[in-house]
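The next block holds one structure in the form of structure tokens; read it before the comments.
None of the figures in this text is laboratory data; all of them are computed from the coordinates on show. Because the structure is a prediction, the values reported are computed rather than measured. When we count neighbours, we look across all protein chains shown, and the Cβ atoms used for this are built from the backbone with ideal geometry, even at glycine.
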Amino acid sequence: MKKNRQAGFATRAIHDGQQPDPLTGAVNVPIYLSSTYVQQGIGENKGYEYSRVSNPTRDRLEENLASLEGGVAARVFGSGMAAINAIASMLKSGDHLVCGNDLYGGTQRLFNQVLTGFGLEFSYVDTSDATNVERAIRKNTRMVYVETPTNPLMRLSDLEEISKICRRKKAELVVDNTFMSPYFQQPLALGADMVVHSTTKFLNGHSDGLGGVVVCSKPEQAEMLAFLQKCAGAILSPFECWMVLRGVKTLAARMEIHDRNGRAVADFLARHKKVKKVFYPGLAGHSQDEIAQHDLAKRQMSGFGSMITFETGSLKNANRMLKKLRVCSLGESLGGVETLISHPATMTHAALGEKGRKAIGITDGLVRISVGIEDLQDILDDLEMGLAAI
Ligand SMILES: *Cc1c(COP(=O)(O)O)cnc(C)c1O
């Protein structure tokens, strides 16, 4: 390897933070199940005092994820929502946030039903048009909070454009990068100030643990978030840190297959006569808007991923299809090795109400699929069988 060249993504995923245990040579990071640490004398310790404050297994995961997103540091939390709550806790009563209008349902619930009670103010706009963001920014706007692509309609927002607006207006840009993972999209390199993930999804990758991470571009952010870990205690357990460390080792390999299968499934659906519309950043589309979105996808992401939404026409059609599936499992969540399929109107977006869903274009016939890494033909055969029931 040439000197000064940073190691590639897959190498960093396997080695950064995952160096062999100095005591035994164990290839895998040990799980330090200790709440407290013996001190050598008053004020003398080996860098660890109490596991809410810091834990060696957690440190290793934070080092690894900071490297993958290209940040200065990362802080992990007990779930994606705990990570998002920690970000909001960096603000003060009276601060204002500009947010995407179709954020993850749980994020909207936290913002609207909990944090407004503590004096934070939120405006929701369609961030796929950056001028909407600029117009919504006020004197007290401290943060712009964006997901790209969005769930379930896969709308993209131009992170470079929005980050320029944020810099000019002195607001911080926070990006929820859960859908793309750092393998396909690197918001910090595009000018974002912080990145958040539900590690529950692609990073852990096996649907067997919850977690969240905030990756920081500045040391002050990391310090503040470490303080919040200590004060509020919503940390990720050592065992689950280890699960994510194991999961990320195969992130590059998994994402390649997710993307390959995702493209093929999107193509199949787009050509299927029972499918009325397909939402996927990898499809070119025909309208000016669709072409612009696809161009942005090619510019901003290095892959299109495996999240696809499609229109079956009605709730009845969706249900007929879903009941026939055998390989694809009906369930919430995404990003696991198995193909998961969900019905946004009654599952992830039920809380929005019919009116709320209509306002952002979520119909009763929409089905969202998180394409897994099974054999492609088995996924396609399963979908063909399901669609035949419509
Ligand atoms: C799942 C998810 C979250 C919440 O994460 P949890 O780990 O379930 O708390 C936040 N944002 C997005 C985009 C998600 O998909």
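Mind counting the residues in the stretch 273-318 that are out of contact with any helix residue (DSSP H, G or I) (no Cβ under 9 Å at 6 or more places or on another chain), without any contact (Cβ under 8 Å) to a residue 12 or more places away in the chain and in a helix (DSSP H, G or I)?
Counting residues in the stretch 273-318 that are out of contact with any helix residue (DSSP H, G or I) (no Cβ under 9 Å at 6 or more places or on another chain), without any contact (Cβ under 8 Å) to a residue 12 or more places away in the chain and in a helix (DSSP H, G or I) gives 8.
Which residues, taken from the stretch 66-88, are under 28 Å from S128 (Cβ atoms) and either assigned to a loop (DSSP other than H, G, I, E, B) or in contact with a Pro (Cβ under 8 Å, 6 or more places away or on another chain) (or both)?
L68, E69, G70, G71, S79
Determine if the stretch 374-387 includes at least one residue that is assigned to a loop (DSSP other than H, G, I, E, B) and either crowded, with 17+ Cβ neighbours inside 10 Å or under 24 Å from the mean Cα position of the chain (by Cα) (or both).
Our first condition is that a residue be assigned to a loop (DSSP other than H, G, I, E, B); within the stretch 374-387, this holds for 374-375.
Of the ones still in play, those that are also either crowded, with 17+ Cβ neighbours inside 10 Å or under 24 Å from the mean Cα position of the chain (by Cα) (or both) are 374.
Yes.
In this structure, does G356 turn out to be in a helix (DSSP H, G or I), of a type in the set (G, A, S) and surrounded by 17 or more Cβ atoms within 10 Å (Cβ to Cβ)? Talk me through it step by step, then tell me what you get.
Numbers: in a helix (DSSP H, G or I): yes; of a type in the set (G, A, S): yes; surrounded by 17 or more Cβ atoms within 10 Å (Cβ to Cβ): no.
Here the answer is no, as G356 does not meet what is asked.
Mind checking which residues of the stretch 324-346 are over 18 Å from I390 (Cβ atoms) and over 18 Å from the mean Cα position of the chain (by Cα)? Write out each step before concluding.
Step one: list which residues in the stretch 324-346 are over 18 Å from I390 (Cβ atoms), which gives 329, 331-340.
Hit for the stretch 324-346 is S329, nothing else.
Name the single residue that is nearest to the ligand (Cβ to nearest atom) among those in the stretch 188-222 being touching a strand residue (DSSP E or B) at 6+ places or on another chain (Cβ under 6 Å) and hydroxyl-bearing (S, T, Y).
Result: S198.
Filtering the stretch 111-157 down to residues that are without any contact (Cβ under 8 Å) to a residue 12 or more places away in the chain and assigned to a helix (DSSP H, G or I), which residue is surrounded by the most Cβ atoms within 10 Å (Cβ to Cβ)?
Once the filter is applied, the top-ranked residue is N132.
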